[in-house]
Amino acid sequence: MNPKRQTVSPPGPNQHFFLVNANKKLSSFPPSSSMLKLLRLSSSLLARHSFSTTSKLSSSLRRPTKYRNCPCSSAFVGRFHTHKVLAMAETTSSSSSSHEHTNRLSAEHSPYLLQHAHNPVNWYPWGEEAFAEARRRDVPIFLSIGYSTCHWCHVMKVESFEDEEVAELLNDSFVSVKVDREERPDVDKVYMTFVQALYGGGGWPLSVFISPDLKPLMGGTYFPPDDKYGRPGFKTILRKVKDAWFSKRDTLVKSGAFAIEQLSEALSASASSKKLPDELSQNALHLCAEQLSQSYDSRYGGFGSAPKFPRPVEIQLMLYHSKKLDDAGNYSESKKGLQMVFFTLQCMARGGIHDHIGGGFHRYSVDERWHVPHFEKMLYDQGQLVNVYLDAFSITNDVFYSSLSRDILDYLRRDMIGPEGEIFSAEDADSAEREDAKKKKEGAFYIWTSQEIDDLLGEHATLFKDHYYVKPLGNCDLSRMSDPQDEFKGKNVLIELTDTSAPAKKYGLPLEKYLDILGECRQKLFDARSRGPRPHLDDKVIVSWNGLAISSLARASKILMGEAEGTKYNFPVVGCDPKEYMTAAEKAASFIRRHLYNEQAHRLEHSFRNGPSKAPGFLDDYAFLISGLLDLYEVGGGIHWLVWATELQNKQDELFLDREGGGYFNTPGEDPSVLLRVKEDHDGAEPSGNSVSAINLIRLASMMTGSKSEYYRQNAEHLLAVFESRLKDMAMAVPLMCCAADMISVPSHKQVVLVGHKSSLEFDKMLAAAHASYDPNRTVIHIDPTDNEEMEIWEDNNSNIALMARNNFAADKVVALVCQNFTCSPPVTDPKSLKALLLKKPS
């Protein structure tokens, strides 16, 4: 995370450094008495070595404390401007002859590791070679974890890892290991959990000292190179750790081993029963919605205060809860929830967190108005945000929301998709202002001066500047939190402060003409900035994040068919045929199957860059991809996507399922260097693998019959029972799991069965009708009785579907049946009738 735009006071005399948590999956467990002893022991030991920590932040520091996976949460020291120190190296490795230093990272594929391949630090990648070297030399390991688009990782690289004195200290007394957290989330989870549990916070870069047998000793996040404000810098800390290793080794090693033992016990909880209490299944949903409503910002939208994150799982829960209220006839409460969601989505779309020129969303806003963002763009945000904007469109039929879905997807198709359909991970926040600039600055690619806009837009400059609040002195003045250090003085982050109808009227223009002019202006600015230096693209392909994007692309292909004929779009929205999104979804899924799936072993690899990574697929990879494949099938994809989803579910159960205790571990448990297997539950910037898995199991159970359906349902019930205390006591931490808990309590899910030839335009229209309304408890099954392979698959998994297909097939039309509670509606054969049937309120 980037803490640079803050008013910072020098620390008090007892504050050695801050561990600040943007990741905030603080321990999802109450600390045991043993853990508290560990905290006291370790804190006492660390204090004696002059780098104890505090989890209480100075009131002048604004750090996010709610969500996991927030970029670059860090310790922050002093009053300085990072652009004065940030001069990042190229992100790819060139020949060693052009560099003074080359280390083992030069042979790696990870963009983050390659950024450090020419540091004077003698880095090792995570692996036995490094561990063996630490044992041979009998020295601790310095473990540094980050990722390629992490701003404060870049800062620490420049300040410390390119410094010869720091390198000498590290090389002489430690074995230094670099890990890309996106490539090895399992390794990151172990040591991030340790730091969070011990100190109350964490983030990236994560800096941990570990023993040669990989037990954590002590750690932190970002360290400045030199002592400041009474706090030790990185050089001092290295000397202190070296001394502690020789003088207090036994105590350090024992406390590290004890920490892992306690964390392992706490984070692998088992269920006391096989299912949740009936009342909790529904109460958790209401409790979470109530807690979110209490945190709602009625002035600027969103849930909680600045910094503001687009946490899509919160939106998903509020939409789900509103649907439940509406079905129950509680229309006024349902409407209140929807208003919160719609206003939040509108404020986000109009704010600077949205890239108005190129499409897509930045990571988060540092202020309460969604104005000045941390400019990094992450794939996991884009995929989830498309889905919530699609849901909003399904409920309102308002093209504002469908255009935002297109805006994000068109950004992905233009800038984030590779030649084989693979979808890349992220774009950096930092870039050079000019081609000849040696230093990079945050947001340089996305911000504008008033003069630049005058020069580029000519006669329409005034209109554009009025619309986007562009000012000669800069516009980062809407909140005291936006730019307190004046880093963006004279610069403008585009934001819409009013609805488009008012300014159109002011300029005496029809609304359509006004929107056309804005679109033309955005195109000109896009072309201009495209000629300059771009932010670094992390072109790593991560299976889990691709799964999120596959889901949104697939769903868009049918939901956007509900847009009114003749709907007009303006740049950066392309306005393509929605079928193109389906093509993109299938290409991404095919890439994963081709390059990251072992057909014989039925196993996934985690990521790809110039070949598969060394890491196996983790729980999130399986769960998120299965979810995407189920969506891909339900919107009209071939039956092979559904078959693959069931194969992956079987393998997920084999690798990760705790058959005795319930729920899924995050790793297969096959790598002895990964000391913790965690049952993750927190729904943060990304949903947890267990929450997504619960919903996947419920969906699969609704498609199958007999023992297969019962198997999926029982696993879902047992999974949810593991997290009973979280659902009861901290529902707001697990919003998607709250939805799953309610889904499992629904007696019978609504099934839409479409029967007919799939190649026809009518079939496409009927599929669009089946997905036109918002209903998360609906399953869509489509079948062509003339396809023998498909019929055989359904005979094996749900013979009722095969029988319905045979009995309702008509060669010249598509037949739809809506079934629930063991009863099916009379067949309908036109999209309008199917829509009406699905909008019918439950009795």
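The values are calculated or read from the model by the stated rules, or taken from the named source; none is laboratory data. The structure displayed is predicted, hence computed values, not measured ones. So basically every Cβ, Gly included, is an ideal-geometry build from the backbone, and we count neighbours across all protein chains shown. With ligands, DNA and RNA removed, areas are computed over all heavy atoms of the protein, side chains included. Shrake-Rupley method; radii C 1.70, N 1.55, O 1.52, S 1.80 Å.
Mind listing the phi-derived Karplus ³J(HN,Hα) values for the stretch 686-701, rounded to whole Hz, using 6.51, -1.76 and 1.60 with θ = phi - 60°, and x for any glycine or proline?
Residue by residue, the stretch 686-701 yields 10, x, 6, x, 6, 5, 5, 5, 4, 5, 4, 5, 5, 5, 5, 4 Hz.
With a ≥ b ≥ c the root eigenvalues of the C-alpha gyration tensor of the stretch 446-531, is it rounded (a/c under 1.5), prolate (a/b larger than b/c) or oblate?
Here the stretch 446-531 falls in the oblate category.
Non-local amide H neighbours of Ser613 (under 5 Å, H modeled in plane, Pro and chain starts lacking H): which ones?
HN-HN under 5 Å from Ser613: His606, Ser607, Phe608.
Enumerate lysine pairs in the stretch 446-531 that are 8 or more residues apart or on different chains, then count those whose Cα atoms are under 15 Å apart. Each step should come with its number before you reach the end.
Details: Lys465/Lys491; Lys465/Lys506; Lys465/Lys524; Lys471/Lys489; Lys471/Lys491; Lys505/Lys513.
Count of close lysine pairs: 6.
Residue by residue through the stretch 556-562, what is 3J(HN,Hα) from phi via Karplus (6.51 cos²θ - 1.76 cosθ + 1.60, θ = phi - 60°)? Round to whole Hz and write x for glycine and proline.
4, 4, 9, 5, 6, 5, x
Which of these values of Rg/Rh (Cα atoms, Kirkwood Rh) was calculated from the structure shown: [x] 0.96; [y] 1.09; [z] 1.06?
Looking at Rg/Rh (Cα atoms, Kirkwood Rh) for this model, the match is [x].
Which loop trypsin sites (Lys or Arg not before Pro) in the stretch 547-578, with loop taken from DSSP, have no more than 14 other Cβ atoms within 10 angstrom of their Cβ?
Lys568
Counting heavy atoms of the protein chains only and a 1.4 Å probe, report the per residue accessible area for the chain as a whole number of Å².
Solvent-accessible surface per residue comes out at 36 Å².
From the phi angles alone, apply the Karplus equation (6.51, -1.76, 1.60; θ = phi - 60°) to the stretch 806-823 and give each ³J(HN,Hα) in whole Hz, x where the residue is Gly or Pro.
5, 7, 10, 6, 9, 4, 9, 8, 9, 10, 10, 10, 10, 10, 7, 6, 6, 9
Taking a cut-off of 30 Å between Cα atoms, list the lysines near Lys254, but don't count ones fewer than 8 places away on the same chain.
Answer for Lys254, where 30 Å is the Cα cut-off: Lys24, Lys25, Lys37, Lys56, Lys178, Lys189, Lys215, Lys235, Lys240, Lys242, Lys679, listed by chain and number.
Check the straight Cα-Cα distances from Lys587 and name the lysines below 18 Å, setting aside those fewer than 8 residues away within the same chain.
Output for Lys587: Lys540, Lys558, Lys579.
Using +1 on the beta carbon of Lys and Arg, -1 on that of Asp and Glu, and nothing else charged, what's the dipole of the stretch 446-531 about the Cα centre, debye to 20?
Value, rounded to 20: 40 debye.
In terms of the Cα gyration tensor, with a ≥ b ≥ c the square roots of its eigenvalues, is the stretch 104-267 rounded because a/c is under 1.5, prolate because a/b exceeds b/c, or oblate?
Note, shape of the stretch 104-267 comes out rounded.
Once Lys and Arg get +1 and Asp and Glu get -1 on their Cβ, which of Val635, Pro472, Trp126 lies farthest toward the positive end of the dipole of the chain?
Pro472
Counting helices only, and only those DSSP H runs with n ≥ 4, report the 222 nm mean residue ellipticity of the chain as the sum of -39,500 (n - 2.57) divided by its residues, in deg cm²/dmol to the nearest 500. Walk me through the numbers on the way to the answer.
Working: 29 runs with 375 residues, N = 843.
Helices in the chain give a 222 nm mean residue ellipticity of -14000 deg cm²/dmol.
What part of the accessible area of the chain, given as a whole %, is carbon or sulfur when the probe is 1.4 angstrom?
On the way: 14980 of 30360 Å².
Roughly 49 percent, rounded to a whole number.
Considering lysine pairs in the stretch 749-839 that are 8 or more places apart or on different chains, how many have Cα atoms under 13 Å apart?
Number of lysine pairs found: 4.
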